[in-house]
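Where a number appears in this text, it was derived from the coordinates with a stated rule and is not lab data. Owing to the predicted nature of the structure, the values given are computational and were not obtained by experimental measurement. Cβ sites come from the backbone with ideal geometry, for glycine too, and all protein chains shown count toward neighbours.
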Amino acid sequence: LAQKFRIDYMWAHAYKTFYRLHDLDTNWHQARQMCESEGTTLLIPDTLDEVENLKLLMSNMKAHYTAIFVGIHDSFSVGNFITVKGVPIAGTTLELLWAEGQPDNLNGSEHCVVMTREGLLDDRPCTDIYPFVCKILGNDTKYNDACDNFDSDYAQHPAISGKCYKFHQEPLSWHDAYLSCKLEEGRLAIINSAKEANIVVGFLGDNLNSNTPDPNILHLGFSDLMFPYQYRTITGQTLEEAGYASWTPEHENLKMEKLKRCGAISRTGFLVTTYCERPAMFLCERIINITPSSTENTNTAAAD
């Protein structure tokens with residue numbers, strides 16, 4: 001049995017499961033996305049016994065938090081609750097967990113589900129904010145040897161050594177792209193050479209997403225958010241220090257572009273700036289000079 005996963009997850013031997021309590025508040029959709037970015041699933045309890053363990057896990061939350069989001073909703077058909085895996089909860093153990101009088105769809109706006117500290121389910125608005133728990137069964141963890149992680153979507157490129165890449169076709173803002181890469185234990189990609197720039201442009205060439213506001217750019221890991229009008233990578237280097245600083249010939253005066261503060265690359269292979277909140281496709285990278293021992297999981301859940 002696999003007992004090794006991301007170091008920010010806790011192993012509960014009794015349930016052969018890894019958990020991570022995100023002790024911060026966010027809405028249900030962001031919670032689901034964050035778990036998926038980590039290669040896991042927004043919590044779906046499997047047994048009443050597991051719920052008892054989850055109550056212990058929730059005891060580690062800050063005192064003012066009353067519940068956590070779980071992976072159950074009725075967004076598609078009011079009153080017909082399903083899990084994030086598309087499985088109806090009708091006739092399952094989960095139906096036994098509803099708090100008294102719940103679900104009640106108060107004001108016609110409660111389509112997502114929380115679990116209270118008492119281990120009971122309650123429907124709440126998806127826009128409410130709560131902490132949440134991500135979960136993955138030990139048998140579902142698959143180690144990616146080439147990229148030293150547990151995300152099979154990361155892969156090396158034969159022409160670039162020391163890096164693995166993961167292309168994200170679903171557009172996000174620059175800030176959300178940065179967070180998504182970080183949650184995957186990677187980072188928003190930094191280009192270190194003209195050779196690498198050509199490879200990165202190849203990702204764009206293979207993925208034309210017509211639903212993206214600008215399908216011709218790819219978010220990269222540089223901006224001037226830390227130093228106005230001084231574009232630096234997310235590791236603090238100048239673009240020249242990083243190894244690639246070829247701007248598009250049409251690049252306007254930086255002072256005229258003061259609202260375009262986040263970095264990207266165009267299909268032409270030149271660097272461009274874009275509005276940070278404007279969604280675009282993006283590329284995550286993972287440096288693979290990490291020793292295998294760094295992924296050992298030594299945390300233990302309350303059930304151990």
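Annotations for the structure displayed:
- For region 149-287, share of DSSP beta bridges that run antiparallel, in % to the nearest 5: 90
- Projected label points at VAL78 and ALA14, each 7 Å from Cα along the beta carbon direction, are separated by 4.0 nanometres.
- Crossing angle, helix 194-206 versus the chain [Cα axis fit, 0-90 degrees, rounded to tens]: 50
- Along region 75-80 the Karplus relation, 6.51 cos²θ - 1.76 cosθ + 1.60 evaluated at θ = phi - 60°, assigns HN-Hα couplings of 4, 8, 8, 4, x, 9 Hz to successive residues, with x for each Gly and Pro.
- Distance cut-off 26 Å, percentage of C-alpha pairs in region 149-287 lying past it: 14
- Exceeding the 32 Å Cα-Cα cut-off - candidates LYS142/LYS260; LYS4/LYS260; LYS4/LYS166; LYS4/LYS195: LYS142/LYS260; LYS4/LYS260; LYS4/LYS195
- The convex hull drawn around the Cα atoms of region 96-162, when projected onto a plane and averaged over every direction, covers 8.1 nm².
- Distance-filtered residues of region 15-30 - backbone nitrogen under 19 Å, label point 7 angstrom along ASN60 Cα→Cβ: 15-26
- ARG267 paired with GLN156, simple spin-label distance in nm, labels 7 Å along Cα-to-beta-carbon: 3.1
- Rounded to the nearest 10 degrees, the angle from helix 48-58 to the longest Cα principal axis of the chain is 60 degrees.
- Free-standing Cys residues across the chain, given no other cysteine C-beta under 4.7 angstrom: none
- The label-point distance for GLU118 and GLU36, in a model that sets each label 7 Å from Cα toward Cβ, rounds to 3.3 nm.
- Exposure proxy shown here: for SER266, SER75, the number of other Cβ atoms within 10 Å sets the order, fewest to most, as SER75, SER266.
- Calculated FRET value between LYS195 and ASP23, using beta carbons and R₀ = 30 Å, to 0.05: 0.10
- Among (1) 21.7, 75; (2) 22.0, 82; (3) 21.7, 65, the entry that matches Rg and Dmax of the Cα atoms in Å as calculated here: (3)
- Taking other C-beta atoms within 10 Å as the exposure proxy, LEU283, LEU106 rank LEU106, LEU283 from fewest upward.
- For the chain, modelled as a GNM whose springs connect Cα atoms under 10 angstrom apart, the maximal fluctuation among GLY71, GLY86, GLY138 occurs at GLY86.
- When both bridge partners sit in the chain, DSSP labels roughly 90% of those beta bridges antiparallel.
- The residues MET115, MET226, when put in order of fewest to most other Cβ atoms within 10 Å, stand as MET226, MET115.
- Angle in degrees between helix 174-183 and the longest Cα principal axis of the chain, rounded to the nearest 10: 60
- From its DSSP helices (H runs of at least four residues, each -39,500 (n - 2.57)), the chain gives a residue-normalised ellipticity at 222 nm of -4500 deg cm²/dmol.
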